[in-house]
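The values are calculated or read from the model by the stated rules, or taken from the named source; none is laboratory data. As the structure is a prediction and not an experimental result, all values here were calculated from the model. In this analysis, Cβ positions are derived from the backbone assuming ideal geometry, glycine residues included, and neighbour counts consider all displayed protein chains.
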Amino acid sequence: MSLNSSRKQQPDVDECAEELHGCHPEEETCRNTDGAYECDIACEEGFQFSLVLRACVDQDECVDAPCEPGWECRNTVGSYLCHELPRAFCPAGYKPSNGSASGCEG
Ligand SMILES: [Ca+2]
């Protein structure tokens, strides 16, 4: 039995969750991998570590749709903005709605 095959049979240990990692808590973020773990650069808020670039890059918060309905999300470097969308002018008895084709609902 080779070392490689015996390793595969062992369940992966999450060193990050178990606090078994050697990452520097203030400068690095522990990331569990299959059979090991890695220490990524800890990024400032609004940035995320890119495995491809090995650097902190802007996080696109808009993918999580953080703005209220009727507000448009615009990603910025290090943050994001919510812009209120122009509201439809609706006849009396109707209120603006983003879900309907006319932009109004009863
Ligand atoms: Ca951003």
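What to note about this one:
- Taken together, the residues in the stretch 45-65 that are surrounded by fewer than 12 Cβ atoms within 10 Å (Cβ to Cβ) and touching a Cys at 6+ places or on another chain (Cβ under 7 Å) amount to 1.
- The residue of the stretch 66-75 that is nearest to the chain's Cα centre (by Cα), among those that are within 16 Å of the ligand (Cβ to nearest atom) and part of a loop (DSSP other than H, G, I, E, B), is Pro66.
- Pick from the stretch 31-46, criterion assigned to a loop (DSSP other than H, G, I, E, B) and acidic (Asp, Glu), ranking: farthest from Asn75 (Cα to Cα): Asp34
- Pick from the stretch 76-106, criterion assigned to a strand (DSSP E or B) and within 25 Å of Asp64 (Cα to Cα), ranking: modelled with the lowest pLDDT: Pro96
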